[in-house]
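What follows is a single structure, written as structure tokens, with notes after it.
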Amino acid sequence: MNPDNTSDASLDTAWLRAAFDQAGEPEPDSALWPRILHSHQRRRRWRALRRGALVCVLALTALAVPAWWPGGEAMAPDVALRDMPASAELGRIELRSIDRQLEAAYARQDAARIEHLWRRREFLVQTLMENPDGPASSVISL
């Protein structure tokens with residue numbers, strides 16, 4: 001084909017278009033749809049497996065992280081309070097009262113009261129831990 005001769009080029013394109021028009025749409029292989037379905041099902045299973053694995057990893061992380069977190073030993077004073085002598089009974093009663101008040105404040109979503117009660121509770125626990133045999137009047141001093 002000569003590039004200077006445009007009539008040959010237009011003739012070739014016309015012939016090519018006519019050939020494509022006569023050919024029509026090709027029929028897919030009869031095994032194509034089962035392969036597509038199998039591939040789709042395999043992808044869905046892998047997605048579900050990955051999603052399940054991710055949920056398991058997140059759950060295990062949520063359970064393990066509090067033990068490693070620096071504030072994870074915050075529950076230790078409550079455990080130690082169970083072994084205190086009887087002279088600190090009034091302090092333990094006050095601590096239970098503060099816990100009930102905290103529960104009610106959380107239910108009301110009273111942020112100012114929650115903050116005050118937490119400071120009071122921390123002070124009470126600290127006092128009880130430092131001086132479990134001390135007089136109860138020094139424990140309730142806020």
Options 53, 48, 31; residue that is exposed (fewer than 10 other Cβ atoms within 10 Å of the Cβ), among the small types (Gly, Ala, Ser) and modelled with pLDDT of 85 or more: 31
Cβ-Cβ under 8 Å pairs, at least 6 apart or on other chains, the stretch 105-125 side in contact (Cβ under 8 Å) with a residue 24 or more places away in the chain, far side assigned to a loop (DSSP other than H, G, I, E, B) and of a type in the set (Val, Ile, Thr): 124/140
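The values are calculated or read from the model by the stated rules, or taken from the named source; none is laboratory data. Computed from a predicted model, the values in this text were never measured in an experiment. Glycine also receives a Cβ, built like all others from the backbone with ideal geometry; neighbour counts cover every protein chain displayed.
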